[in-house]
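Quick notes on the structure that follows.
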Amino acid sequence: MIAPRPPLDAAVVVADRRAERAAARRAKARRGQLIAATSTLVIGGALVALILTSPGWPEVRDTFLSVEVFRESFPDILRAFWLDVRVFLIVEVAVLILGLLVALTRTVDAPALFPLRILAVVYTDLFRGIPTILLVYLIGFGVPALALEGLPTEPVVLGGIALTLSYGAYVSEVYRAGLRSVHRGQRDAALAIGLTERQALRHVILPQAVRRVGPPLLNDFIALQKDVALIAIIGVAGEAFRVAQIQAASDFNYTPLIAAAMLYLAITIPLARLLDRWERGHGGRTR
Amino acid sequence: MAARPGPPVLEFRGVTKAFGELEVLHGIDLEVAEHEAVAVIGASGSGKSTLLRCVDLLEEIDDGDIFLDGEVITDPSVDPVAVRRRLGLVFQAYNLFGHLTVLQNVLLGMVKAHGGDRDEAEPTARALLARLGLGGREDDHPDLLSGGQQQRVALARAFAARPRAMLLDEVTSALDPELVGEVLGAVRDLRDEGVTMLLATHEMSFAREVADRICFLHEGRILEVGPPEQVLEHPRRPETQRFLRRLLEAGRA
Ligand SMILES: Nc1ncnc2c1ncn2[C@@H]1O[C@H](COP(=O)(O)OP(=O)(O)O)[C@@H](O)[C@H]1O
Ligand SMILES: [Mg+2]
């Protein structure tokens, strides 16, 4: 005769299986971490060994990585970098506004805006097509050459304008893609509840578009942050790259350039991590 | 709903609509009286959605006229925004505003389109949501709701400003079968209040119950209009018979 198994037993068995599975999962995760750490060490070690044993290493070490030169030049470059940060912040705000205005002009189909729409199309085509470095040159040297009253002649202002025009064209396209990605049904629904076209844009379409373009916009900001260095080529005094360049030229040591590079990275890497996190967090909830 | 004082709430006269070469509506004539509910039935692609969108001026008609309370609304000189504020359209796919909460979805039109005071509109909106079984979900975003709940929010949003007529476009056809009932219940609830309705539907049992008249649309033409018993039980046209038979076979009648 077989006695029915008490239900308590079943619960114990289930609990055991659960613990077993959890343990197996933990073991697998540990194994994964171990493999990752080992392979990183091996590959990293090989790279370091390769560089350290290269014939030119001693010279590179002295001209690019001199601790002494670094210590000497870093404070000046850091001070200069503050100008980069300010230019970046101001240009960034201008780019956000210009890009949005251009995108809206191209999206809204009011007949009165026709000439503006043409202008917006020409602007995006032109300024997206010209390399930013060329634009900085053209505006930085071209505008003062016109010798017109009232136009700015300061290199830093002209450089900022060139960057704004260049990035505004990219960013307007990002906004436009965002506006287009909002489903037509959203506009229909907004009109159906009695909103005007403009209200539909402002309260329904634009907020959803802007939410969606956050990550690509941040991506463009990272690019802009390092492109601020381009204004050095039109002789903006006190810009970080410019200062580093002058210092490097004065004693034939390139360590100041490394110092400047580190400062750019100090901004762009955190921004990149922020972007990663944002995309992970919002990726699933875009509707 | 026999007595008909005044003009019909909605009236179509020879309404014709084409998308490019494709003529979708051909000379539609139809009236919807005050407090009346007219159900438009017909195969997919017969022009039901287009008909409703033309009333809400989301599509421009090519010929004929549509009247709301005796006034022509399809004249180019008429402000479409003012017309839409007197109508409530509910879409097959809900089209809720994803960036707003349930409550904000309902309030947006009340405040921005109808100039209501937010603090005054809010209790009204909450009461309407509660009445449609959405109490407690006011602060959720629509994507957290089931399809049936989303469609009820859409009903509340369209009804919030007490439109002269509700236009319902297959409000249950995007829903899983077990969710259909709750949405039909919500429509029935509005119907009991005497709201004038023009609704496209696939649910014959519902059409029979809620509609005063049924209108069979076939390839952009109204082939038959009449009380539900007549159109659904004794259809005169072979096209209507074929359509109803096919529905029956698909188990949706
Ligand atoms: N915006 C549009 N552009 C072109 N054709 C359309 C458009 N909207 C609807 N149609 C066409 O009009 C016909 C009727 O569509 P619709 O009114 O959606 O029918 P129903 O709602 O009865 O299924 C279909 O052939 C459809 O493809
Ligand atoms: Mg349809």
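Quick notes on this one:
- Per DSSP, loop GluC sites (Glu not before Pro) in segment B:106-212 with at most 11 further Cβ within 10 Å: B:GLU193
- Amide H contacts for B:MET197 (H built 1.01 Å from N in the peptide plane; partners 5 or more residues away or on another chain; cut-off under 5 Å): B:GLU36, B:ALA37, B:VAL38, B:MET166.
- Whole-angstrom Cα spans of segment B:10-249 along principal axes, big to small: 53, 45, 32
- The protein assembly as shown - convex hull of alpha carbons, volume per residue in Å³: 295
- Counting only DSSP H runs of at least 4 residues, each contributing -39500 (n - 2.57), and dividing by the residue count of chain B, the helix-based mean residue ellipticity at 222 nm comes to -9500 deg cm²/dmol.
- Options B:ALA211, A:ALA22, A:ILE133, ranked by Cα towards positive dipole end of the protein assembly as shown, top entry (Cβ charges): A:ALA22
- Nearest-10 value in Å² for the accessible area of B:ASP140, using the 1.4 Å probe: 40
- Largest-first ordering by accessible area, 1.4 Å probe, given options B:HIS202, B:HIS114: B:HIS114, B:HIS202
- Max mean-square fluctuation residue, GNM over chain B, Cα-Cα springs under 10 Å, options B:HIS99, B:HIS35, B:HIS218: B:HIS99
- When DSSP beta bridges are restricted to pairs lying wholly in segment B:10-249, around 55% turn out antiparallel.
- With Cα atoms as the point set, segment B:86-138 shows a radius of gyration and Dmax of 11.2, 31 Å.
- The figure for B:ASP212 is an accessible area of roughly 50 square angstrom, using a 1.4 Å probe on the protein chains alone.
- Peptide B:62-72 has a mean shielding of 0, counted as Cβ atoms of other protein chains within 10 Å of each residue's Cβ.
- Here the Karplus relation 6.51 cos²θ - 1.76 cosθ + 1.60, evaluated at θ = phi - 60°, turns the backbone of segment B:173-182 into coupling constants of 7, 9, 9, 5, x, 6, 9, 4, x, 5 Hz, with x for every Gly and Pro.
- A:LYS226, B:LYS112, B:LYS17, ranked by accessible area, largest first (probe 1.4 Å): A:LYS226, B:LYS112, B:LYS17
- For chain B: relative contact order, % (alpha-carbon pairs under 8 angstrom, 6 or more apart): 25
- Derived scalar couplings between HN and Hα for segment A:235-246 equal x, 6, 5, x, 8, 4, 5, 4, 4, 4, 4, 4 Hz in order, rounded to whole Hz, by the Karplus curve 6.51 cos²θ - 1.76 cosθ + 1.60 (θ = phi - 60°), x for Gly and Pro.
- Backbone geometry of segment A:21-31 corresponds, through the Karplus equation with coefficients 6.51, -1.76 and 1.60 at θ = phi - 60°, to 3J(HN,Hα) couplings of 5, 4, 5, 4, 4, 5, 4, 5, 5, 4, 4 Hz, x marking Gly and Pro.
- Probe 1.4 Å, all protein chains present, accessible-area order of A:ARG273, A:ARG117, B:ARG131, largest first: A:ARG273, B:ARG131, A:ARG117
- Relative contact order %, chain A, counting alpha carbon pairs below 8 Å whose residues are six or more apart: 26
- Relative to the Cα centre, the charge distribution of the protein assembly as shown, modelled as +1 at Lys and Arg Cβ and -1 at Asp and Glu Cβ, gives a dipole magnitude of about 1900 debye.
- For B:91-99, mean number of other protein chain Cβ atoms within 10 Å: 6
- Using all pairs of distinct alpha-carbon atoms, the Kirkwood hydrodynamic radius of chain A works out to 24.0 angstrom.
- Global geometry of segment A:21-133, whether rounded, prolate or oblate, following the gyration tensor of its Cα atoms and the 1.5 cut on a/c: oblate
- In chain B, the longest principal axis of the Cα atoms and the axis of helix B:238-249 are about 50 degrees apart.
- Among A:GLY140, A:GLY45, A:GLY235, the largest mean-square fluctuation in a Gaussian network model of chain A, built with springs joining Cα atoms closer than 10 Å, belongs to A:GLY45.
- Sites matching chymotrypsin sites (Phe, Trp or Tyr not before Pro) across segment A:241-276 that sit in DSSP coil, with at most 15 neighbouring C-beta atoms within 10 Å: A:PHE252
- When nucleic acids and ligands are ignored and a 1.4 Å probe is applied, A:LEU271 ends up with an accessible area of around 40 Å².
- Farthest towards the positive end of the charge dipole of segment A:69-286, among the residues A:TRP278, A:ILE205, A:GLY194, is the Cα of A:GLY194, using unit charges on the Cβ of Lys, Arg, Asp and Glu.
- Reach of B:LYS48 by Cα under 23 Å, taken over lysines that are not fewer than 8 positions away in the same chain: B:LYS17
The values are calculated or read from the model by the stated rules, or taken from the named source; none is laboratory data. Owing to the predicted nature of the structure, the values given are computational and were not obtained by experimental measurement. Here Cβ is always computed from backbone atoms with ideal geometry, including for glycine, and neighbour counts include all displayed protein chains. Side chains included, ligands, DNA and RNA excluded: accessible areas come from the protein's heavy atoms. Shrake-Rupley method; radii C 1.70, N 1.55, O 1.52, S 1.80 Å.
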